[in-house]
1. Go through region B:69-175 and tell me which strands (runs of 3 or more DSSP E), entirely inside it, have 1 or more residues that are of a type in the set (Lys, Arg) and surrounded by fewer than 20 Cβ atoms within 10 Å (Cβ to Cβ).
2. Would you please name the residue that is farthest from the other protein chains (Cβ to nearest Cβ), looking only at residues in region A:225-247 that are crowded, with 18+ Cβ neighbours inside 10 Å, more than 13 Å from A:Leu5 (Cβ to Cβ) and small (Gly, Ala, Ser)?
3. Considering only region A:158-191, how many residues are facing chain B (nearest Cβ under 9 Å) and either of a type outside the set (A, V, I, L, M, F, W, C) or assigned to a loop (DSSP other than H, G, I, E, B) (or both)?
4. With within 14 Å of another protein chain (Cβ to nearest Cβ), under 25 Å from A:Gly244 (Cβ atoms), in contact with a Leu (Cβ under 9 Å, 6 or more places away or on another chain) and hydroxyl-bearing (Ser, Thr, Tyr) as the only criterion, which of B:Thr79, B:Thr96, B:Thr106 stands out?
5. If you go through region A:59-117 one residue at a time, how many are part of a helix (DSSP H, G or I) and within 14 Å of chain B (Cβ to nearest Cβ)?
6. Please work out which one of (1) polar (S, T, N, Q); (2) in contact (Cβ under 8 Å) with a residue 60 or more places away in the chain; (3) under 25 Å from A:Ile170 (Cβ atoms) is the condition A:Asn436 fails and give its number.
7. Picking from A:Ser313, A:Ser327, A:Ser354, which residue would you name as being surrounded by 21 or more Cβ atoms within 10 Å (Cβ to Cβ), among the hydroxyl-bearing types (Ser, Thr, Tyr) and under 20 Å from A:Lys91 (Cα atoms)?
8. Among the numbered conditions (1) surrounded by fewer than 22 Cβ atoms within 10 Å (Cβ to Cβ); (2) outside any loop (DSSP other than H, G, I, E, B); (3) not hydroxyl-bearing (Ser, Thr, Tyr), tell me where A:Ile213 comes up short.
Amino acid sequence: MGRKLLLEHINVPGINTFDVYRSKGGYRSVEKALKQLSPEEVVEEVKKSGLRGRGGAGFPTGMKWGFLAKPEGVARYLVCNADESEPGTFKDRYLMTYIPHLLIEGMIVGSYALGAKTSYIYVRGEMMPQIRILEKAIAEAKAAGFLGKNILGTGYDLELYVQPGGGAYICGEETALLESLEGKRGNPRIKPPFPAIAGLYGCPTVVNNVESIAAVVPIINDGGEEYAKIGIGRSTGTKLISAGGNLAKPGVYEIDLGLPVEEFLYSDEYCGGIANGKRLKAVVAGGSSVPILPANLFLKTAAGEGRLMSYESLADGGFATGTMMGSGGFIAFDEDQCIVRNTWNFARFYHHESCGQCSPCREGTGWMEKVLHRLEMGHGSMSDMDLLVDVSKKIEGNTICPLGDAAAWPVASAIRHFRDEFEWHVSHAGEAVTRNYGLAHYADPLPAPVQAAQ
Amino acid sequence: MLRVENTEMVPVEFSTALTDQFADIVSRYPEGKQKSALLPILHLVQAEFGWVSAPAMDKVAEYLKIQPVEVYEVATFYTMYFMRPQGKYALEVCRTGPCCLVGAETIMDHIEQKLGVKEGEVTADGLFSWRGVECLAACGFGPVLQIGPEYTFYEKLTNESVDQLIEDLKAKANN
């Protein structure tokens with residue numbers, strides 16, 4: 001049974017209210033940080049914890065905080081990225097809905113550590129109910145003296161506001177988010193300068209995911225070293241996994257990083273296996289933009305080792321045979337799902353969400369969508385697969401922000417691992433519109449790893 | 001003036017209650033950074049009028065002391081803002097991968113048939129419109145749909161639960 005650092009009290013009735021949250025030890029980290037620790041010591045604890053950004057990139061949070069410029073007389077900002085939009089990911093919605101004070105608590109500690117006097121939580125506009133929940137939680141925390149002027153008599157002032165987005169995936173990219181928060185279109189900025197130097201209103205800014213900020217609470221309560229004891233290698237702590245698709249028990253699970261993938265997928269404590277007793281065909285492990293893997297390569301690495309839910313193990317084999325932890329948006333595909341159709345769906349998503357600023361992404365995502373659509377509809381040709389790979393390579397790395405990469409990877413990986421299914425859509429065009437390719441060999445045990453040359 | 005599909009140019013007035021809310025939002029940002037209030041204000045305008053018309057955008061620009069084009073470019077960039085009138089209940093169904101794995105396409109077909117209007121159209125009684133939208137971050141509870149302006153969420157949809165929802169909304173509108 002894994003530890004629960006974030007979701008320990010999630011089932012306590014009324015935990016969304018200040019009083020119940022407080023009675024369960026809530027806001028202890030604010031008392032500890034503001035009364036016993038200097039801002040630098042808070043940053044140090046987060047560095048020691050090894051916490052890596054939970055939004056998808058996996059960049060060490062403490063290091064990001066350490067980069068913040070601190071020029072005299074210039075405001076600094078902490079902005080929470082709650083624009084959760086990566087298909088497959090719904091952990092932040094869950095956390096904000098059921099235990100909003102955990103995020104508020106983390107925001108206060110984080111803002112103190114960074115010297116921010118005003119902080120914003122940028123929530124995607126569709127999450128209007130969660131915006132109301134957070135606003136209520138902020139009002140409660142303020143009434144109890146944890147926000148506003150002279151917090152807990154320490155002389156530290158902080159105002160915290162919730163900002164709604166307008167329904168644009170791109171605003172999950174931190175510089176697009178800042179543009180949006182300034183009331184503009186969500187066009188990512190060219191970096192450098194990084195937000196740590198020039199972010200919101202040109203001031204030094206840190207942008208962190210909801211889960212990263214929430215994780216600061218147990219890190220300060222128990223100490224960074226204790227947090228770092230959980231997990232494996234450079235994957236420390238616990239991680240929220242959004243489990244969706246064809247699972248018996250979809251939902252949000254908090255796991256110790258390093259949990260075997262097989263246990264996560266099949267044990268009753270977590271996903272409980274594939275829905276309706278079907279077999280697993282493929283998995284997207286970290287949100288729609290990470291490479292899709294067939295069941296056999298997902299469960300075991302190319303070297304034949306059981307995969308773990310950790311940054312390193314999921315990435316084992318690079319893009320040739322591995323994938324990424326990403327945001328923890330775990331999507332399972334059963335034997336009846338069509339990889340071509342799903343790849344087309346994702347390509348349409350990225351085309352729709354491209355901000356249009358960079359030509360390779362704006363045009364390339366559109367072409368990938370069109371070519372995938374004709375393949376799915378039975379009008380494709382055998383050269384389309386190479387064409388798609390070619391287009392994806394011309395997008396990847398050639399754009400201001402990572403949306404281009406995010407659009408290219410799912411297409412390239414689907415063709416890499418499921419090429420025969422794509423080819424079948426061409427050779428059996430009529431049949432492909434009425435039935436799916438099925439499981440084929442995608443769950444078969446892989447041949448033993450190639451031995452060193454005899 | 002912005003060219004939009006709907007050329008309705010009926011002037012709008014903002015009530016004091018509405019501009020009071022605008023002022024509260026503007027107070028969240030530093031002096032001179034009132035443009036930050038644009039997205040939240042557009043949400044309030046849409047909640048009030050059901051969509052965001054060109055005259056309403058001009059009014060917002062006037063209020064925030066920015067150029068009208070700064071409002072148009074934002075309102076047209078973000079998909080949540082409706083550039084033409086919708087049904088009283090605008091059903092937005094998630095159509096992205098994870099929801100499709102659990103039947104979102106069937107749900108959209110069913111809604112189209114049930115309401116008798118295509119995506120983006122409004123029913124003759126003015127009560128309903130619907131459209132597919134991209135991932136709503138509820139992938140474990142799909143298929144899902146939302147209805148503004150409060151963005152109430154309906155999860156694990158079936159054809160039957162959609163029928164029930166539509167009947168309930170009709171009853172609500174008639175009372």
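1. By residue number, B:128-133.
2. Pass one, region A:225-247, residues crowded, with 18+ Cβ neighbours inside 10 Å: A:227, A:230-231, A:235-247.
Next, only the ones that are more than 13 Å from A:Leu5 (Cβ to Cβ) stay: A:235, A:241-247.
With small (Gly, Ala, Ser) added as a condition, the list becomes A:235, A:242-245.
Details: A:Ser235: 23, A:Ser242: 6, A:Ala243: 6, A:Gly244: 3, A:Gly245: 5 Å.
Restricting to residues being crowded, with 18+ Cβ neighbours inside 10 Å, more than 13 Å from A:Leu5 (Cβ to Cβ) and small (Gly, Ala, Ser), the top hit is A:Ser235.
3. Residues meeting the conditions: 16.
4. Criteria check complete, one pass: B:Thr96.
5. As a first pass, look at region A:59-117 and keep what is part of a helix (DSSP H, G or I): A:61-66, A:91-98, A:100-114.
Those left that are additionally within 14 Å of chain B (Cβ to nearest Cβ): A:91-98.
Residues flagged as part of a helix (DSSP H, G or I) and within 14 Å of chain B (Cβ to nearest Cβ) within region A:59-117 amount to 8.
6. Looking at each condition in turn, A:Asn436 falls short on (3).
7. Every option except A:Ser327 fails the conditions.
8. (1)
None of the figures in this text is laboratory data; all of them are computed from the coordinates on show. Computed from a prediction, not measured in an experiment: that's the story for all the values here. Virtual Cβ from ideal backbone geometry, glycine too; neighbours counted across all protein chains shown.
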